[in-house]
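Colleague: Below you'll find the structure I mean.
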Amino acid sequence: MFLNCGTHSELKKIGLLLGLACCLGLSAKADGFDTIQPYMLQGVEIKAERQPELLHKLLPSQSLNELSLERLNPVQVSDAVKHFSGANVKDYGGIGGLKTVSVRSLGSTHTGIVYDGIPVGDCQSGQIDLGRFSMENVNCLSLSNGQISDMLQTARALASASVLSISNIIPQFEPSEWVKAQAYFKMGSFGLLNPGINIQNKITSKLSSGIHFSWQKSDGNYPFTIQNGDSSKTETRSNTDIETYQGEANLYFFPKENQSLFAKASFYSSERGLPGAVILYNTKSSEQRLWDKIYFGQAQYKAAFKYNTQLLLSGKYTYSYTRYLDPKTLNLQGKTDDEYTQNEYYISGAFSQKLFNNNFEYLINSDLFFNTLASNLTHFAYPERLTSLSGLTAKYSINLLQPLTTATTEQPLLFVIQGNLLSTWTGEKVETGNASDNKYKLSPNVGLSLYPFKNTPFQIRFFYKESYRLPT
């Protein structure tokens, strides 16, 4: 086979052109390489609140920060708590029903609720309705099994078998910012309307305020199906409406670098229907109603001093009013209309110090609170209770391990042991009848955390706790 590639002069021209193209390419490549100059990228500043490290906590703890809550987008605090492992949220009475949390099936009365560092109490039922806390102002939710691992805390927080902590947003301002405002409006099924507003104001460089108000209303008339053997019937739930008003005013004062003073005034008002049980062939409600009004004011001062000492002072007053109406009770009056009023006065103090190169830390805390309960019932006892809680906590730790990863700046603790002893004393008094005996109880607690293998993220945790709950 013969391939005609052209004459000799044509081949010489083609070769000359190819050689020239190669020279130009090498020259352009060399010139481009020589003209590249090093360029330094500008730094980017990222600001964020540091979240607590839960992996190395002494006791099991779970947390949802502000970013996690935005992703979940819960309507109420109870919706977010459902995402915690071991937490069982119970909802009584439909859309506007009482919502409580039970941890490890111990019951809601054994779960303490701490709102912005101060416990929430209810001497009548012992249960806290999670529906009264608005999600729009919450910065962090944490659930601690046993007790909170942080040393500096109130004695009342040590008395519960588990603790749910609710923390509000602390205002953060740029140097040129003075006011931040946020308004929202939510709508949903069954007539749900929920508008609200948040306003944050920087008064001075050390003093700021925050105001939150929200209103919620829903008729709650949702459909449901009743099964009766092979047949089924669709009905509509009745008397499940709810209307609530919730508002807060907060002050945040930072007099010095290691000192803070937070004050809060809050109110909650609600009216709701109680639908009752679903009975076959009788789905009509008895038109029971429930009114709640809760007002409280609280303040907390926290300071760190020299010699690794810290001080925590807290105070709170709570007023609570409840009215229950059943217009179709089979009694002489033909109805039930009960009213209850609670008052609680609460003060707390805690002092902690670290010794021996911060390997040993101790905490002394004491709480005192006084509760009263009144009612419109005939021959009501009008009970009064004075409760004193005092605790002593000691913690010893050894920090010898290297960081688990190269990105970790904090060294995990090789060995941590913590124990505390809580004493509970109550004094009872009534106006009618016989008062219960005064009670005294000591409740121990011990926890242990161990990393048995060097540079390995394997942790062993153990704790034992006795909790003592007073009857309501």
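Colleague: Relative contact order (percent) for the stretch 239-360, with alpha-carbon contacts under 8 angstrom and 6 or more residues of separation?
Modeller: Numbers: 272 pairs, mean separation 24.9, N = 122.
Once divided by the residue count of the stretch 239-360, the mean separation gives 20 percent.
Colleague: Report in % the part of the accessible area of the chain that belongs to carbon and sulfur, leaving out ligands and nucleic acids; probe 1.4 Å.
Modeller: Numbers: 15870 of 27290 Å².
Ligands and nucleic acids excluded, carbon and sulfur reach 58 percent.
Colleague: For the stretch 410-456, what are the per-bin percents of Cα-Cα distances with bins 5 Å wide, up to the bin holding the maximum?
Modeller: 5, 14, 14, 11, 10, 8, 9, 7, 7, 5, 5, 3, 1, 0
Colleague: Which percentage, to the nearest 5, of the DSSP beta bridges contained in the chain is antiparallel?
Modeller: Working: 183 of 188 bridges.
Of the beta bridges lying entirely in the chain, close to 95 percent run antiparallel.
Colleague: Once the Cα gyration tensor of the stretch 102-236 is found, what semi-axes does its equivalent ellipsoid get, as square roots of 5 times the eigenvalues, in whole Å, sorted largest first?
Modeller: On the way: eigenvalues 249, 148, 24 Å².
They are 35, 27, 11 Å, listed largest first.
Colleague: Just how many % of Cα pairs in the stretch 99-138 lie over 15 Å apart, if you round to the nearest whole percent? Don't jump to the answer; show the numbers that get you there.
Modeller: Working: 335 of 780 pairs.
Result for the distance tail: 43 percent.
Colleague: Using a 1.4 angstrom probe, figure out how much accessible area the chain has per residue, in square angstrom, rounded to the nearest whole.
Modeller: Values: 27290 Å² over 472 residues.
In whole numbers, the chain has 58 Å² accessible per residue.
Colleague: Please report, to one decimal in angstroms, the Kirkwood hydrodynamic radius of the stretch 66-176 built from all distinct Cα-Cα pairs.
Modeller: Working: mean 1/r = 0.0683 Å⁻¹.
Over the stretch 66-176, the inverse of the mean reciprocal pair distance is 14.6 Å.
Colleague: In whole Å, how far is the Cα centre of the stretch 355-374 from that of the stretch 239-274?
Modeller: Result: 25 Å between the Cα centres.
Colleague: Another question about this same structure. How high is the relative contact order of the chain, in percent, counting Cα pairs under 8 Å that sit 6 or more residues apart?
Modeller: Values: 1064 pairs, mean separation 45.5, N = 472.
RCO, the chain: 10 percent.
Colleague: If you don't mind, another one. Between Tyr281 and Phe224, what length comes free when the chain is fully extended (0.36 nm per residue of separation minus the Cα-Cα distance, one decimal in nm)?
Modeller: Details: separation 57, 0.36 × 57 = 20.52 nm, distance 1.37 nm.
Net length gain for the segment: 19.2 nm.
Colleague: Please report the orientation-averaged projected area of the chain, defined via the convex hull of its C-alpha atoms, in nm². Spell out each step's value before the answer.
Modeller: Values: hull surface 176.9 nm².
For the Cα atoms of the chain, the hull's average projected area reads 44.2 nm².
Colleague: For a quick protection proxy, order the peptides 426-438, 202-214 by their average other-Cβ count within 10 Å, most packed first. Write down the numbers at each step before the final one.
Modeller: Details: 426-438: 13.0, 202-214: 15.8.
Those peptides, ordered most packed to least, come out 202-214, 426-438.
Colleague: From the mean inverse distance of alpha carbon pairs (Kirkwood) and the Cα radius of gyration, derive Rg over Rh for the stretch 275-399. Mind dumping the intermediate values first?
Modeller: On the way: Rg = 23.9 Å, Rh = 19.1 Å.
Here the Rg-to-Rh quotient is 1.25.
Colleague: What ranking do 342-350, 443-451 get when scored by the average of other Cβ atoms within 10 Å per residue, highest first?
Modeller: Numbers: 342-350: 18.9, 443-451: 17.1.
Highest to lowest by the protection proxy: 342-350, 443-451.
Colleague: Using the Cα atoms of the stretch 191-238 to build a convex hull, what is its mean projected area in square nanometres?
Modeller: Working: hull surface 21.8 nm².
It is 5.4 nm².
Colleague: Hey, what number do you get for the chain at 222 nm if only DSSP H runs of n ≥ 4 count, each worth -39500 (n - 2.57), divided across all residues, to the nearest 500?
Modeller: Dividing the helical sum by the residues of the chain leaves -2500 deg cm²/dmol.
Colleague: For the pair Leu450/Ser176, report the inter-label distance in nm, with labels modelled 7 Å from Cα in the Cβ direction.
Modeller: 5.8
Colleague: Given R₀ = 35 Å, what would the calculated FRET efficiency be for Arg469 paired with Asn73, taking r from the Cβ atoms and rounding to 0.05?
Modeller: On the way: r = 34 Å, r/R0 = 0.98.
About 0.55, to the nearest 0.05.
Colleague: Another one. Calculate the dipole size of the stretch 282-402 relative to its Cα centre from +1 charges on Lys and Arg beta carbons and -1 charges on Asp and Glu beta carbons; express the result in debye to the nearest 20.
Modeller: Details: 12 positive and 10 negative charges, 75 e Å.
Computed charge dipole of the stretch 282-402: roughly 360 debye.
Colleague: If you don't mind, another one. Taking the stretch 92-177, which chymotrypsin sites (Phe, Trp or Tyr not before Pro) meet the DSSP loop condition and have no more than 16 other C-beta atoms within 10 Å?
Modeller: Values: sites: Tyr92, Tyr115, Phe133, Phe173; in loops: Phe133, Phe173.
Of the chymotrypsin sites (Phe, Trp or Tyr not before Pro), the ones in loops of the stretch 92-177 whose Cβ has at most 16 other Cβ atoms within 10 Å are Phe173.
Colleague: Follow-up. Could you tell me the relative contact order of the stretch 314-463? Use alpha-carbon pairs under 8 Å, at least six residues apart, and round to a whole percent.
Modeller: With pairs under 8 Å counted, the relative contact order is 16 percent.
Colleague: Oh, and also: Quickly rank 355-364, 82-91 as a protection proxy: mean count of other C-beta atoms within 10 Å, highest first. Intermediate results must be reported in sequence, preceding the final value.
Modeller: Working: 355-364: 13.7, 82-91: 15.6.
In decreasing order of mean packing, 355-364, 82-91 become 82-91, 355-364.
Colleague: So which GluC sites (Glu not before Pro) in the stretch 184-277 are both in a DSSP loop and have at most 11 other Cβ atoms within 10 Å of their Cβ?
Modeller: Details: sites: Glu235, Glu243, Glu248, Glu257, Glu271; in loops: Glu257.
Within the stretch 184-277, the qualifying GluC sites (Glu not before Pro) (loop, at most 11 other Cβ atoms within 10 Å) are Glu257.
Colleague: OK, next. Rg over Rh of the stretch 178-308, using C-alpha atoms and the Kirkwood radius, what does it come to? Each step should come with its number before you reach the end.
Modeller: Numbers: Rg = 22.9 Å, Rh = 18.7 Å.
Radius of gyration over Kirkwood radius for the stretch 178-308 works out to 1.22.
Colleague: Follow-up question, since we're still on this one. Mind pulling the angle between the C-alpha long axis of helix 8-35 and the longest principal axis of the chain? Nearest 10 degrees, somewhere in 0 to 90.
Modeller: Compared with the principal axis, the helix lies near 40 degrees.
Colleague: A further question follows. Return the equivalent ellipsoid semi-axes of the stretch 276-340 as a descending list in whole Å, where each equals the square root of 5 times an eigenvalue of the C-alpha gyration tensor. List each step's numbers first, then the result.
Modeller: Numbers: eigenvalues 481, 47, 11 Å².
Three semi-axes, in Å: 49, 15, 8.
Colleague: Scan the stretch 312-407 for trypsin sites (Lys or Arg not before Pro) in coil per DSSP, keeping those whose Cβ has at most 13 other Cβ atoms within 10 Å, and list them by number.
Modeller: Working: sites: Lys316, Arg323, Lys328, Lys335, Lys354, Arg385, Lys395; in loops: Lys328, Lys335.
Sparse-neighbourhood loop trypsin sites (Lys or Arg not before Pro): Lys328, Lys335.
The values are calculated or read from the model by the stated rules, or taken from the named source; none is laboratory data. Given the structure is predicted, the values throughout are model-derived calculations rather than measurements. Every residue, glycine as well, gets a Cβ built from its backbone with ideal geometry; the counts of neighbours run over all protein chains shown. All accessible areas refer to the heavy atoms of the entire protein, side chains included, with ligands and DNA or RNA removed. Shrake-Rupley method; radii C 1.70, N 1.55, O 1.52, S 1.80 Å.
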